[in-house]
Every structure is written in C-alpha cells, then in structure tokens.
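Have a look at this one before I ask anything.
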Amino acid sequence: MALSPEQQAEIDALRSAPSETLRATAPGMERHLYNAHDVLDHGFVRVIDYMGDDAAICQAARVSYGKGTKSVQNDEGLIRYLMRHWHSTPFEMCEIKLHVKLPVFVARQWIRHRTANVNEYSARYSILDREFYIPAREHLAAQSTVNNQGRGELLADEEAARVLEILKADSARAYDNYQAMIGQDGQQGLARELARMNLPANIYTQWYWKVDLHNLFHFLRLRADPHAQYEIRVYAEAIAAVVADWVPFAYGAFEDYRMGGATLSATALDCVRRMVKGETVTQETSGMSKGEWREFEGVLRG
Ligand SMILES: Cc1cc2nc3c(=O)[nH]c(=O)nc-3n(C[C@H](O)[C@H](O)[C@H](O)COP(=O)(O)OP(=O)(O)OC[C@H]3O[C@@H](n4cnc5c(N)ncnc54)[C@H](O)[C@@H]3O)c2cc1C
C-alpha cells in the first residue's frame, strides 16, 4: 500500500474538517486537496496546500498592464497571451505544495529542478521502510539501440524473469543487512546515517515539494514529455492532471503552446517558408544536420 495507515488517518481527518476562508479557492483543486494519487508500485502524489487560481494570474497581470488589459476581454484570452509572450511572472503568483513518495533514483532526477522548496524524510533520524520499486513486467525493456538515454524493446519472458529475480533478491538482502547493521536489542548497532548507505536506489523516500506554477510548468514540460524516463513521467502526469483541474485556463495554454507546441530554429523556419512556397526541401538542401532534420521531420509529421 502506498499510504501508511497513519497517513490515511491524517487525510481523513483533514478532509473531514473544512475551514472557512476568504481566500480564493479553486473548486477543481479542492477535490484533490490531501487525497493521494497512487504512482508506481508504492509511490503517491498528494496536494498538501495551494495558493491562487486562474484569476490570481490575471489579477497580477492586470497590475502590470493596467487599463491596457481592457483590450483582452476575458481571463482565458489574457492567460493565453501571457503564455504566448513568455510573460511568466504572473504564473509565479500560484503555488502548490505536494507530498510525494518516490524511489530514490527518481528523486535524483527530480531534485535537479532547483526552483522548488524541498523537505525530505530523514534517514539519519528515521528507519526507512522496506519498500522498493520493482518495475512491472511491461516496463522491463532492453537498452535502446537508437537513443543512448532510453529503453528499447521489451525483454523476453525468460530474461524479464531473470532480471526481476535479481532486483527482488538484491532489495531484500540489502534491507535485511540494513536492519542487521542497525542492530537488534542489546546490540550496539551502526548509526542509521551510515547503515543506509548499502540500500539500493530503488528504495522509496518521501518529501514535501513546493513550487510556483511557472517553474512547475517547466518541470512538467521536461518530465511529462514522452522522452522523459517512464518512472518520473508517471509522477509528472499525475501532477499535470491535478494542475489541469486547478488552473484550467493556464493549463490549457501550457498544453497548447508548450507541451503541444514546438520551437523552430531560424533555419527550420526558413525551410517551412520555402516548403509553403512549393519548394521541395531535403536534409541536404535544408542547412540542418541529420539529427536536426530528423527532429524537424518529427515536428512536421506530428
Ligand atoms: C531528458 C533529460 C536528460 C537529462 N540528462 C542529464 C544528464 O545526463 N546529466 C545531468 O547532470 N543532468 C541531466 N538532466 C537534468 C537537466 O540538465 C536539468 O538539470 C534539469 O532538467 C533541471 O532543469 P533546470 O535547471 O532548467 O530547472 P530548475 O533548476 O528548476 O531551474 C529553472 C531555470 O532557472 C534558472 N536557474 C536555476 N538555477 C540556476 C543556477 N544556479 N544558475 C543559472 N540559472 C539557474 C535556469 O534558467 C533554469 O532553466 C537531464 C534532463 C532531462 C529533461
């Protein structure tokens, strides 16, 4: 189970005691508040708190544009304008605080996003739970032959069984030794801060992660992308679904301009213009490298 009984009790208590507020609330987000969304085999994402909504983005933008915003009649149009023109600070007026439970190797990718506030479970202070990420059968794949950073074809049944056996056995043995090093009653035992060092990177950790909407969009753009590693992408997708309910106009603009959009170099744009005029442009006549041309064709094909 992803949530411990104590965590479930905390959620139940928080959701059963609503408090009145004069602050703006987002109805779509209230449904998510405190509730956990399962991710991977033992992980979850849950919203602990949030600030702002689509209206807060517009309110901040109107401070900078004053009467100028009168030309943009509705909030959705204004938000799309801001997203289109990279006027990003109004999006920073919204914040979200998440509680995330995730494998350590996913946390290592995640923590590279420096524009968030993080507080992680302390394995110096507390004993880690015996919970390890073991990939589902359909995610066990071989090294990709075309992408050095990714995975390719699925492992054959026999190979998958061999790999799973290693993953499970190593996780179990490492945790048994972790417990043995910490020591039983009467043994001196090794400090937790040292005993943890033989635990594998598929053990789960937990943290609170607070970020503003602008930087969250940057995170989602990179980590909900189909090229991101599956194990972090599923977290990003779970968060994206929450954000879509929280700030539907901002999320719609993000999906349209960032997730679904593409950035073209000046050379690529020139090729598009030549194509529109009827010219047959090839990689050789494009001025692009083979890699650039492959990606450009990918953008055009969709
Ligand atoms: C597909 C993929 C592959 C990757 N591969 C690797 C890899 O092989 N090795 C590796 O080490 N990392 C790798 N990364 C991590 C990547 O290089 C970034 O560290 C990570 O995506 C966080 O992005 P960020 O720095 O833009 O985000 P944030 O840290 O959230 O920063 C947001 C923006 O704030 C600004 N900023 C924040 N802090 C600073 C600072 N100290 N100085 C200057 N500007 C700052 C930058 O403009 C930055 O874009 C990979 C990421 C992806 C998505």
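Read through the list (1) closer than 27 Å to G28 by Cβ; (2) out of contact with any Leu (no Cβ under 9 Å at 6 or more places or on another chain); (3) free of Cβ contacts under 8 Å to residues at least 24 places away in the same chain, then give the number of the only condition that A236 fails.
The failed condition is (2).
How many of the residues in the range 219-263 are out of contact with any strand residue (DSSP E or B) (no Cβ under 9 Å at 6 or more places or on another chain), part of a helix (DSSP H, G or I) and within 16 Å of the ligand (Cβ to nearest atom)?
Residues that pass the stated criteria total 10.
Let me ask you something else. Exactly one of (1) touching a helix residue (DSSP H, G or I) at 6+ places or on another chain (Cβ under 6 Å); (2) surrounded by 15 or more Cβ atoms within 10 Å (Cβ to Cβ) is unmet by V242. Its number?
(1)
Of all residues in the range 173-188, which are charged (D, E, K, R) and closer than 10 Å to R130 by Cβ?
Of everything in the range 173-188, just one residue is charged (D, E, K, R) and closer than 10 Å to R130 by Cβ, namely D176.
So, in the range 4-29, of the ones that are part of a loop (DSSP other than H, G, I, E, B) and of a type in the set (A, V, I, L, M), which residue ends up surrounded by the fewest Cβ atoms within 10 Å (Cβ to Cβ)?
By that ranking, first place goes to L22.
Additional query: Just one of (1) in a loop (DSSP other than H, G, I, E, B); (2) farther than 30 Å from D176 by Cα; (3) more than 13 Å from the chain's Cα centre (by Cα) trips up P200, so point out which.
If we test P200 against (1) in a loop (DSSP other than H, G, I, E, B); (2) farther than 30 Å from D176 by Cα; (3) more than 13 Å from the chain's Cα centre (by Cα), just (2) comes out false.
I need the full set of residues from the range 268-291 which are modelled with pLDDT of 95 or more, out of contact with any helix residue (DSSP H, G or I) (no Cβ under 7 Å at 6 or more places or on another chain) and not hydrophobic (A, V, I, L, M, F, W, C), in order please.
D270, R273, R274, K277, G278, E279, T280, T282, E284, T285, S289
Another one. For residues that are among the hydrophobic types (A, V, I, L, M, F, W, C), within 16 Å of the ligand (Cβ to nearest atom), in contact with an Asp or Glu (Cβ under 9 Å, 6 or more places away or on another chain) and closer than 22 Å to L40 by Cα, tally how many sit in the range 103-131.
Of the residues in that region, 4 qualify.
The values are calculated or read from the model by the stated rules, or taken from the named source; none is laboratory data. Since the structure is predicted, the reported quantities are computational estimates derived from the model, not experimental observations. We place every Cβ from the backbone using ideal geometry, glycine too, and count neighbours over all the protein chains shown.
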